[in-house]
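Below: one structure, written as structure tokens.
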Amino acid sequence: MPPAARPRRKRTANFDHKLLALLRVAARVFAEAGYDKASIRRIAAEARMSLAGIYHYCTSKEQLLYYIQFQTFDSLLRGLEQCTANIADPRLRLAAAVRNHVRHFGDNMDALKVCARELQTLKGRAYREVHELRVAYFNAVHDIVTQLRPGTGAPLDAWLATANLFGMINWFYQWYDHGRPSPGGFAPPDPPSPSLAGAPAPRSAPARSPRYRSARTHVRLDELADQQVRLFLDGYTPAAPCANRGNA
């Protein structure tokens, strides 16, 4: 539970389960409507809760946004620590880190959209707590990048390289569709994008069982992550250390 959370009911496993379900619904609504246009009333309706009932889990729409962002970066950081704990080779550590990132957001695409669009929306303590997690996560990946040996590309500052890496792996939600059969399990968008133009999006593949769909999705996400790592490593050569920079 995020530090700034103030549950209005006693914490239980059932409470946490319902809160996480509520956050998934809130993330979907924020992703579809935008934070400013989304309403607690709509979130409650789509979560199949009464308007009064939703306030057992949060005090405001802003607190829901805070929960989503804190949960996202906390999960990413813990996942990164776990997946790289027993790996010494920096290249393999980077591959594990990118897989962790891409798989997490592939499973939580709405949360990725919300974090990408609403990072500056939070204020005060909530913003500071999420920002601390973001910095810690960036620094953890940056530490891996600084350990890479020179490659074949042009020299590039490690901080800038890390920022570019996040730029590459954070925006795949713009074109990735796990339902589209394609070589490697993913495909760039059709130019121009029909959904952006207001036309119906292409039909997804026939529905599969949740277990099958999850397994196939993870294979495709791992393929995507591995290709992104190869692209990054092919174009990156560590440059000489320079002055410290701020973090994204």
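Which of the aspartates and glutamates could be linked to Lys123 by a straight reach, that is with a Cα gap under 17 Å, when you skip same-chain ones fewer than 8 residues away?
Asp36, Glu62, Glu132
Treating each Cα of the stretch 1-116 as an identical point scatterer and ignoring solvent, apply the Debye formula and state log10 I(q)/I(0) at q = 0.14, 0.17, 0.19 Å⁻¹.
So the normalised log intensities are -0.62, -0.84, -0.98.
Readers should treat all values here as calculations from the given coordinates under stated rules, not as data from a laboratory. Remember, predicted model here, so these are calculated numbers, not experimental data.
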